[in-house]
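Data first, discussion second: the structure below is written as structure tokens.
The values are calculated or read from the model by the stated rules, or taken from the named source; none is laboratory data. If you're wondering where the values come from, they're calculated on a predicted model, not measured in any experiment. Reconstructed Cβ throughout: ideal geometry from the backbone, glycine too, with neighbour counts over all protein chains shown.
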Amino acid sequence: MGRPLASVFALIACLAAAGIAGLALPTGAASQAGGASGAAASSAPSASPGELVGSDQCGQCHQEPAAGIGKTVHGKILLQHPRSQLEKRGCEACHGPGKGHVADVTNTAARGPFGKSSKASAKQQNAQCVQCHDKGEHLFWRGSVHELRGLACTKCHTMHSPASDRYLLVKKTEPEVCSQCHVVKKAQLLRTSHMPVRESKLTCGDCHNPHGSVTRKLIRQNSVNENCYKCHAEKRGPFLWEHAPVRENCLNCHDPHGSIHDKLLKVKRERLCQQCHIPSRHPSQAHDPRTRFVFNRSCLNCHPMIHGSNHPSGEYFLR
Ligand code: HEC
Ligand code: HEC
Ligand code: HEC
Ligand code: HEC
Ligand code: HEC
Ligand code: HEC
Ligand code: HEC
Ligand code: HEC
Ligand code: HEC
Ligand code: HEC
């Protein structure tokens with residue numbers, strides 16, 4: 001996908017950000033939070049200072065949650081070193097103004113969008129987070145598959161007692177987070193030939209941005225091949241003799257998660273090639289398993305440079 005399209009998306013994302021944040025306001029009119037700057041958002045829900053009680057008060061009754069978040073990056077920035085009006089609200093930056101709740105702690109409706117008694121939708125909850133997290137990584141959250149399917153940020157993240165060392169995840173590792181729902185992918189990664197995700201050499205997030213992307217299937221890069229080249233740079237070329245299906249899409253032959261055929265091949269070797277090369281100079285029927293067309297590396301016995309060749313006479317990828 002080209003740059004002009006990307007910037008159109010960016011524009012849409014910005015417009016949507018302004019619009020939806022406005023709709024989800026707990027207290028009504030959308031006004032710019034005074035002094036919000038830098039990483040913090042510009043469209044904070046309005047709250048007159050009188051509705052805020054301050055994090056110290058919350059902490060007096062909720063000692064455990066306060067201690068928990070104190071150890072995370074939110075505690076360190078929002079509670080200790082706030083850089084904007086919004087960050088200064090501390091607990092209330094996420095939970096919303098607390099005056100109503102403190103006045104009557106039995107009133108479940110006044111407890112804000114989070115917690116067991118909350119009836120807030122995923123969208124309303126996410127709006128709290130998106131106040132601050134709407135740039136970079138998060139530019140394409142709105143309209144992403146995960147947003148459209150109603151995932152809350154808290155399906156993957158937890159704020160007070162995270163299970164992971166980084167990124168405040170609900171599970172110890174990222175693949176475990178994704179496997180909560182994507183069980184088929186989890187199973188594929190257990191196949192004999194698999195991307196070394198379970199060996200921790202890479203993770204789902206190396207290829208996917210769970211917060212959205214301009215590329216289909218949440219691929220981080222502009223295309224599948226760009227993604228693969230990031231780590232398999234030698235496959236990028238340029239080659240004197242290119243193999244068309246490689247240039248087009250690595251997934252013509254490989255499965256990016258796992259396969260029962262070695263080297264992550266989607267199909268058994270000679271069949272893989274014969275999907276496209278039926279009328280070659282070789283016999284084109286199904287081969288006897290004992291021949292050199294099937295044995296060992298099959299077609300690759302003679303055509304090893306299948307990703308492209310730089311040899312002057314590498315036209316047939318023989319060298
Ligand atoms: C005077 C004590 C007190 C203060 C101050 C207080 N709370 Fe509470 N809060 C409670 C009580 C009591 C409950 C109900 C607990 C329950 O039902 O288990 C509660 C419930 C909650 C819940 C819902 C918990 C759940 O699992 O549903 C949240 C969220 C919460 N408070 C956040 C805050 C925040 C943020 C502040 C500061 C703005 C705050 N509280 C200030 C006493 C207090
Ligand atoms: C970065 C956003 C954020 C901040 C800041 C924050 N919370 Fe929370 N809080 C949440 C979310 C989200 C939940 C829902 C459970 C979860 O995902 O961890 C929650 C849950 C709670 C609960 C319900 C009980 C529980 O542990 O599930 C209480 C009580 C609470 N928070 C109090 C506080 C207090 C007190 C502060 C300030 C010291 C605070 N929170 C700061 C986001 C935040
Ligand atoms: C008031 C602003 C603010 C709000 C609201 C807020 N955050 Fe953050 N969050 C930050 C800042 C600041 C950081 C530090 C890193 C950065 O600048 O991005 C951070 C970091 C994070 C990180 C990365 C932690 C790490 O270990 O690297 C996650 C995940 C996160 N926030 C999720 C959430 C979620 C989910 C919510 C809503 C429940 C939320 N945040 C609400 C300001 C906010
Ligand atoms: C489907 C799971 C999932 C959902 C839903 C999700 N996240 Fe994340 N998030 C992750 C994972 C996994 C990471 C770790 C780094 C990565 O792979 O991008 C992460 C990283 C982050 C970070 C730190 C990285 C950075 O540079 O910003 C922030 C902040 C964050 N998420 C905020 C949010 C917010 C806000 C929402 C809701 C609007 C949200 N996330 C929804 C899975 C998720
Ligand atoms: C090496 C890169 C890579 C890794 C690692 C990876 N994926 Fe993928 N994933 C892809 C590519 C490429 C596609 C297909 C894109 C397409 O069809 O255009 C894809 C597709 C998907 C799809 C959509 C499937 C469909 O049929 O529509 C899901 C869901 C998915 N991946 C989840 C995961 C999860 C969960 C993990 C981690 C456990 C993971 N992926 C790890 C590259 C990767
Ligand atoms: C709470 C459930 C849940 C979790 C956790 C989750 N996903 Fe998803 N994911 C979904 C749903 C629902 C869809 C939409 C599936 C569909 O429409 O077929 C989806 C779709 C996808 C797709 C396909 C996108 C497309 O365009 O079709 C990818 C890729 C993906 N998720 C990656 C991830 C990754 C990576 C993680 C972990 C960081 C993750 N998911 C965690 C629920 C989840
Ligand atoms: C974040 C880095 C990364 C990305 C992105 C990536 N790979 Fe890999 N890939 C690896 C690593 C690491 C290995 C294991 C190499 C090893 O163990 O020697 C590997 C191995 C492979 C293998 C060989 C498997 C085997 O059994 O030897 C194939 C084929 C492969 N990748 C194809 C792809 C394709 C296709 C893509 C794009 C969809 C892709 N890779 C994207 C890191 C990556
Ligand atoms: C026409 C089918 C085809 C396409 C398209 C294809 N490959 Fe391969 N690839 C193979 C075959 C066959 C093997 C096994 C080679 C062997 O056994 O020597 C392989 C092996 C690999 C390996 C492991 C061995 C090595 O050479 O390092 C990696 C990594 C790899 N491919 C990456 C890629 C990437 C990245 C792309 C996209 C740019 C891609 N492949 C496109 C057929 C293909
Ligand atoms: C997705 C279809 C596809 C697959 C799978 C595929 N190829 Fe190709 N291959 C092509 C196309 C298209 C060309 C270019 C043909 C042309 O330029 O006339 C080509 C060219 C070639 C050439 C160069 C000969 C020529 O006519 O230019 C050889 C040799 C070759 N492929 C071998 C293989 C082998 C071996 C495999 C299995 C590892 C394989 N191909 C898998 C589509 C495919
Ligand atoms: C014993 C070695 C050997 C094996 C095994 C082999 N090839 Fe070839 N192939 C060649 C040679 C040599 C040429 C070049 C012929 C020429 O120069 O006239 C060639 C040419 C080709 C060509 C281009 C000419 C044409 O007929 O279109 C294709 C396509 C091709 N092979 C596909 C395959 C496929 C698919 C397989 C596996 C089923 C395979 N080859 C197995 C040696 C082999």
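For the criterion of being modelled with pLDDT under 95 and surrounded by 15 or more Cβ atoms within 10 Å (Cβ to Cβ), R89 fails. Within the stretch 80-90, the set of residues being within 12 Å of ligand 1 (Cβ to nearest atom) and more than 18 Å from N126 (Cβ to Cβ) comprises just one member, G90. If you go through the stretch 177-209 and pick out every residue that is basic (K, R) and touching a residue at least 40 places away in the same chain (Cβ under 8 Å), you end up with 2. Just one of the listed residues (C253, C302) is farther than 30 Å from V183 by Cα and either in contact with a helix residue (DSSP H, G or I) (Cβ under 7 Å, 6 or more places away or on another chain) or free of Cβ contacts under 8 Å to residues at least 60 places away in the same chain (or both), and it is C302. Note on the stretch 184-203: among residues that are in contact with a Gly (Cβ under 6 Å, 6 or more places away or on another chain) and either within 20 Å of K230 (Cα to Cα) or in a loop (DSSP other than H, G, I, E, B) (or both), the one that is farthest from ligand 4 (Cβ to nearest atom) is R191.
Only residues that are among the aliphatic types (A, V, I, L, M), farther than 19 Å from N126 by Cα and surrounded by fewer than 16 Cβ atoms within 10 Å (Cβ to Cβ) were counted in the stretch 51-76, giving 1. Screening H232 on (1) away from ligand 4 (no atom under 16 Å from the Cβ); (2) surrounded by 13 or more Cβ atoms within 10 Å (Cβ to Cβ); (3) modelled with pLDDT of 95 or more shows it passes everything except condition (2). Listed by first and then second residue, the pairs linking a residue in the stretch 150-176 that is assigned to a helix (DSSP H, G or I) to a residue that is more than 8 Å from ligand 3 (Cβ to nearest atom) and not β-branched (V, I, T), with Cβ atoms under 6 Å apart and 6 or more places separating them unless they lie on different chains, are E174/C204; E174/G205; P175/C204. From the set of residues in the stretch 122-151 that are among the aliphatic types (A, V, I, L, M) and buried (at least 19 other Cβ atoms within 10 Å of the Cβ), which is nearest to G96 (Cα to Cα)? So the residue we want is A127. Taking the criterion of being more than 15 Å from ligand 7 (Cβ to nearest atom), free of Cβ contacts under 8 Å to residues at least 60 places away in the same chain, over 30 Å from R198 (Cα atoms) and of a type in the set (S, T, Y), would at least one residue in the stretch 305-312 satisfy it? Scanning the stretch 305-312 turns up no residue that is more than 15 Å from ligand 7 (Cβ to nearest atom), free of Cβ contacts under 8 Å to residues at least 60 places away in the same chain, over 30 Å from R198 (Cα atoms) and of a type in the set (S, T, Y). Scanning the stretch 208-226 for residues being touching an Asp or Glu at 6+ places or on another chain (Cβ under 9 Å) and more than 17 Å from S144 (Cβ to Cβ) gives a total of 1. Considering (1) touching a strand residue (DSSP E or B) at 6+ places or on another chain (Cβ under 9 Å); (2) farther than 17 Å from S259 by Cβ, the lone condition that S193 does not fulfil carries the number (2). Note on the stretch 260-319: residues that are modelled with pLDDT under 80 and within 35 Å of the chain's Cα centre (by Cα) amount to 0.
Looking at the stretch 100-121, is at least one residue within 16 Å of ligand 5 (Cβ to nearest atom), of a type in the set (G, A, S) and crowded, with 16+ Cβ neighbours inside 10 Å?
no
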